[in-house]
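To start, the structure itself, in structure tokens.
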Amino acid sequence: EQWMLVTAGDEKGYNTMTASWGGLGVLWNKNVATIYIRPQRYTKEFIDANEQFTLSFFSSEYRPALSLCGSKSGREVDKAKETGLTPIHSDGVTYFAEAEIVLLCKKLYRQSMDPSCFLDSSLIDANYPQNDFHEIYIAEITKILVKEK
């Protein structure tokens, strides 16, 4: 039920975006996170350029901030400044001080969704009217940070 911010980059430059599609599990004998990013998202440039990214999970009081991060582009606004979220640059990644849980993730696999692989073609009409199919990323969870209460 929690929304998350997907963030990639470091103190030299980063971007973040809100996401609700994703999952956690075990694959290749590793604890992994799977995320889905559309090709036009600015954050994708940072994910592709870096070996790692973070997933930051917030309490419901931060929904307005996460809503802004999902509706505005980092190409046009400074999301941290607009939301009041505090970026932390550590271990070569960026995450936010206000997050309850942060997963540090190392990319293992990337693949573009292939429209020919959909077994239920109604999903394409419902979710991809512009044919902007997500890129799938599977990443090893290398560290978990939990905010002390």
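The values are calculated or read from the model by the stated rules, or taken from the named source; none is laboratory data. These numbers come from a predicted model, not from an experiment. FYI the Cβ positions are ideal-geometry reconstructions off the backbone, even for glycines, and counts take in every protein chain you see. Calculation scope for accessible area: heavy atoms of the full protein, side chains included, ligands and nucleic acids excluded. Shrake-Rupley method; radii C 1.70, N 1.55, O 1.52, S 1.80 Å.
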Worksheet item: Taking the alpha-carbon centroid of each part, what is the distance from region 54-107 to region 1-27 in angstrom?
Response: 8
Item to complete: May I have the extent of the alpha carbons of the chain along their three principal axes, as whole Å values ordered from largest to smallest?
Response: 44, 38, 30
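How large is Rg/Rh for region 64-112, to two decimals, with Cα atoms and a Kirkwood Rh?
With Rh from the inverse mean 1/r over Cα pairs, Rg/Rh is 1.02.
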Item to complete: Calculate, in nm to one decimal, what K81 and V146 gain on full extension: separation in residues at 0.36 nm each, minus their alpha carbon distance.
Response: 21.0 nm
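My understanding is that a pair violates if its Cα-Cα distance is over 26 Å; which of K12/K44; K12/K106; K81/K147; K12/K149; K12/K81 do that in this structure?
With Cα atoms farther than 26 Å apart: K12/K149.
Dividing the convex hull volume of the Cα atoms of region 106-149 by its residue count, what figure in Å³ per residue is obtained?
134
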Worksheet item: How many nm separate the modelled label positions at E51 and Y128, each set 7 Å beyond the Cα in the direction of the Cβ?
Response: 3.1
Worksheet item: Which of the peptides 130-138, 2-10 is most tightly packed, and how do the rest follow, going by the mean number of other Cβ atoms within 10 Å of each residue?
Response: 2-10, 130-138
Worksheet item: Charges only on Cβ, +1 for Lys and Arg, -1 for Asp and Glu: so what's the dipole of region 10-122 about the Cα centre, in debye to the nearest 20?
Response: 200
Response to the item:
Between S112 and E61, Cβ-based FRET efficiency (R0 35 Å, step 0.05) works out to 0.45
Worksheet, complete the sentence: The answer for the chain, accessible area per residue at 1.4 Å probe in Å², is 57
Worksheet item: Okay, which of region 110-132 sit inside 11 Å, backbone N to the point 7 Å along the Cα-Cβ direction of Q40?
Response: 129-132
Worksheet item: Taking a probe of 1.4 angstrom, what is the accessible area of S71 in Å², to the nearest 10?
Response: 90
